[in-house]
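The values are calculated or read from the model by the stated rules, or taken from the named source; none is laboratory data. Everything numeric in this text was worked out from a predicted model, so none of it was measured. Note that we place each Cβ from the backbone using ideal geometry, even for glycine, and neighbour counts take in every protein chain shown.
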Amino acid sequence: MTTPELDPRFASLLQQVRAQPKQKMAVVHPVDELSLEGALAAAEAGVVDLVLVGPRNRIQKAADGLGADISSFELIDTEHSHASAAVAVALAREGKVSSLMKGAISSDELLTTVIDPVAGLRTARRASHVYVLSVPDYPKLLLVTDAAINIEPDLATKRDIVQNAVDLAHALGNPLPKVAILSAVEKVKPQIQSTIDAAALCKMADRKQITGAILDGPLAFDNAISLEAAEQKGIDSPVAGDPDILVVPDLVSGNILAKQLTFLGHASSAGLVMGAKVPVALTSRAENVASRVVSAALAALVAVQQQQTPIRK
């Protein structure tokens, strides 16, 4: 199996991962060819070592369909998807793996196990998803959050969403990312809750309730991405025209934005769940092998970071 062709920025990211100690990842229920192929490609690329967790006969059938030899990988046999999730989470909780990757299991089923208050991997922080996008017409990687987990986040949840994305940016090597808090307008409007939340998040950063980043908002998307658009509106901002992270008002708007950038803007994408004790590569069925390899690489980067600096509130 060969490593798929990657966007140049993502190829550089893989080089960054290969320079650090190799991390062990549990792949949860990889019982179809696509999810197994992505995991095997990540191992082939030298990104992670794998532990395959799921029904042995179904995983083997998927491997046979790929013509892949999985005999060298640790495989933990389980009866069904729920057991696969429970075993993988237990491995992470016991420190036997440092990240998880979603296989052919629903996101809800896996995340329910991850955030279980007793047997899961919860921290003091709310879990959230971060898309990492390489957009051809944008000069650097762009993070979009949260477009997959928190449907209508309140201010406290948005604070965690921002900090999770900032932590991921740090793992990528950016010590002070610029964060644009998006809304429909750039002024605080009492009738638009997302503008109030944006202003509050910026003040929370001033008071060190959010650390390690430069925040500004509310910003409309054009003002966030285009310095010219911001200047035309008289916006003086340290973030406008140069954001590393876009924080959306809610899941629906974020999901639409990320998929527009992918399908119309031809962005290459990967993604990660942050905020748990270990990172989770939460790949969807629509994502290709390259995306899965890069998501595994992101998880490996964050795993090393969290070993050095465990999650704090």
Q. From the residues in region 269-279 that are of a type outside the set (Val, Ile, Thr) and surrounded by 21 or more Cβ atoms within 10 Å (Cβ to Cβ), which one is farthest from residue 192 (Cα to Cα)?
A. 279
Q.
Just to be sure I understand, how many residues within region 9-47 are touching a residue at least 12 places away in the same chain (Cβ under 8 Å) and either assigned to a helix (DSSP H, G or I) or among the β-branched types (Val, Ile, Thr) (or both)?
A. 23
Q: Would you mind finding the one in 246, 264 that is among the aliphatic types (A, V, I, L, M) and free of Cβ contacts under 8 Å to residues at least 60 places away in the same chain?
A: 264
(Q) Condition first: over 16 Å from the mean Cα position of the chain (by Cα) and among the hydroxyl-bearing types (Ser, Thr, Tyr). Can you find one or more residues in region 259-271 that meet it? (A) no
Q) How many residues are under 15 Å from the mean Cα position of the chain (by Cα) and of a type in the set (Ser, Thr, Tyr) if we restrict to region 99-124? A) 2
**Q.** Filter result for residue 250 (more than 19 Å from residue 147 (Cα to Cα) and surrounded by fewer than 18 Cβ atoms within 10 Å (Cβ to Cβ))
**A.** no
(Q) Of the residues 156, 171, 220, only one is within 20 Å of residue 237 (Cβ to Cβ), of a type in the set (Gly, Ala, Ser) and out of contact with any His (no Cβ under 9 Å at 6 or more places or on another chain); which? (A) 220
**Q.** Candidate set from region 223-245 (those that are acidic (Asp, Glu) and surrounded by 14 or more Cβ atoms within 10 Å (Cβ to Cβ)); member that is modelled with the lowest pLDDT
**A.** 231
Q: Check residue 74 against each of (1) of a type outside the set (A, V, I, L, M); (2) out of contact with any strand residue (DSSP E or B) (no Cβ under 8 Å at 6 or more places or on another chain); (3) at pLDDT 95 or above and name the one condition it does not meet.
A: (2)
**Q.** Filtered residues of region 162-186 (kept if closer than 22 Å to residue 222 by Cβ and either of a type in the set (A, V, I, L, M, F, W, C) or in contact (Cβ under 8 Å) with a residue 60 or more places away in the chain (or both))
**A.** 162, 165, 177, 178, 179, 180, 181, 182, 183, 184, 185
Q | Residue that is of a type outside the set (Val, Ile, Thr), in the same structural domain as residue 136 (by TED's automatic domain parsing) and over 29 Å from residue 124 (Cβ atoms), where the choices are 253, 226 | A | 226
